[in-house]
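Nothing in this text is a laboratory measurement; each read-out follows from the coordinates by a stated rule. No experiment lies behind these values; they were computed from the predicted model shown.
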Amino acid sequence: MGVLRIQLKDHLSVTAVSARLHLEIVGETLVMGNAATERVKEVREVTQHLLALGVLESQIQVQGVEISNRTGLLTKGQKARFLVVVETQSALLPQVLGLLADQKHVDLQRLEWVFDDFEASLLLAPQAMRKARRRADAVAEAAGHRVVGVLNASDTWEMPVSIVNMQTDWTTQEVQRAPRHRASSLDAGVQYSSAQTLTVQLTVDFQLE
């Protein structure tokens, strides 16, 4: 009887399932929370256009409000910058970017790709285990032993973060604003899909005889 420990790394390319757009929207009225999507004209207009494109209401979240004035005092009709996060499927991204480029009160800060690394790990972990078993069989045979079972096994996985920081002039120069009567696609200088490499680290203790 004996124990053979095999450590193995395996990799899988994973395509993003959606994108999160982090926006700043300048509004004429100070309203807190997601109520801004209904009570602030500038935020409401963007929200309605996004819904018309197919973005779900639950995918539009007001995550914060910033105010700025010289006195530091709140005043009636205080202007504010609303921090809004919009999640959209990759297929809708060109249309959503085209829409946002047409909104003079909207500033796109960054784009964050979203990956389903858990579902991908369900494919990658068994693949890594099969490779570990093949290696264990080869090493055990060379040593005159045979693998008869698994005593312990553990795995961890990691996925690099994929964020695109946008230039403040992302809707200027060679990128033209879309006409207001339609929401067209936009070439904003970013990819409309993204892939990252999921890495699994597997450690297995095989029992030998």
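Per-residue 3J(HN,Hα) values for the range 141-150, derived from phi via the Karplus relation 6.51 cos²θ - 1.76 cosθ + 1.60 with θ = phi - 60°, read 5, 5, 8, x, 10, 9, 6, 10, x, 10 Hz in sequence order (x marks Gly and Pro). Gyration tensor over the Cα atoms of the range 86-157: the corresponding equivalent ellipsoid has semi-axes (square roots of 5 times the eigenvalues, largest first) of 51, 10, 9 Å.
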